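Working notes, structure below.
The values are calculated or read from the model by the stated rules, or taken from the named source; none is laboratory data. It should be emphasised that the depicted structure is a prediction, and the values quoted were computed from it without experimental measurement. Neighbour counts are summed over all protein chains in view; Cβ atoms, including those assigned to glycine, are modelled from backbone coordinates with ideal geometry.
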Amino acid sequence: MSRTHPSEEVLQQFVLEAVTCSAEEISHIESCPECQSTVATYKVLAGELAGLAAPAFDFDLVAAVIGQLEEAAAPQAKMPKGTIVLIAAFIVIPLWLFRKSAYFVFTDMSAVFYGLVFAAAGIVVGVFLLRLYKKYQQIINLINE
Ligand SMILES: [Zn+2]
């Protein structure tokens, strides 16, 4: 038996799906009175939750949540599309204009210019990630309401 107690997560896992715990964790839990009492508490809790789950979600929760998510996503969904077109235009138009000198563009550029290009790309990616994060936060807030 190992001396350290498994984490709360492991104990919950043990209650819900013991097969997913390691043999070491199981042998500890089964021989540790402290962990046994925690597990017993979680078993009671799990039993209570199982009894509650059905009536609490009697209505169509999935449809209600998805409806709200679509509402939340709709106004923002239009923005990235325009942004993508704009970015594509900024890449494609210069490439097309300078297609004949493209080879020299990539051999004559200084390290500073490469740095600027990478910095600009980094900013664009950063803005996208920030947007994605804000959208995610908005959805989480909706769920928590
Ligand atoms: Zn223990």
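So which residues in region 11-29 are farther than 22 Å from L49 by Cβ and either of a type in the set (F, W, Y) or within 13 Å of the ligand (Cβ to nearest atom) (or both)? First the steps, then the outcome.
Within region 11-29, the first condition is being farther than 22 Å from L49 by Cβ, and the residues that meet it are 22-28.
Within region 11-29, E24, E25, I26, S27, H28 meet the criteria.
Residues checked against (1) within 16 Å of the ligand (Cβ to nearest atom); (2) under 30 Å from Q138 (Cα atoms); (3) modelled with pLDDT of 75 or more:
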{"residue": "E9", "(1), (2), (3)": "yes, yes, yes"}
{"residue": "L49", "(1), (2), (3)": "no, yes, yes"}
{"residue": "A54", "(1), (2), (3)": "no, yes, no"}
{"residue": "D60", "(1), (2), (3)": "no, yes, no"}
{"residue": "A63", "(1), (2), (3)": "no, yes, yes"}
{"residue": "G67", "(1), (2), (3)": "no, yes, yes"}
{"residue": "E70", "(1), (2), (3)": "no, yes, yes"}
{"residue": "M79", "(1), (2), (3)": "no, yes, no"}
{"residue": "Y103", "(1), (2), (3)": "no, no, no"}
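Quick check on region 30-47: of everything there that is more than 16 Å from the ligand (Cβ to nearest atom) and more than 27 Å from the chain's Cα centre (by Cα), which residue is modelled with the highest pLDDT?
V44
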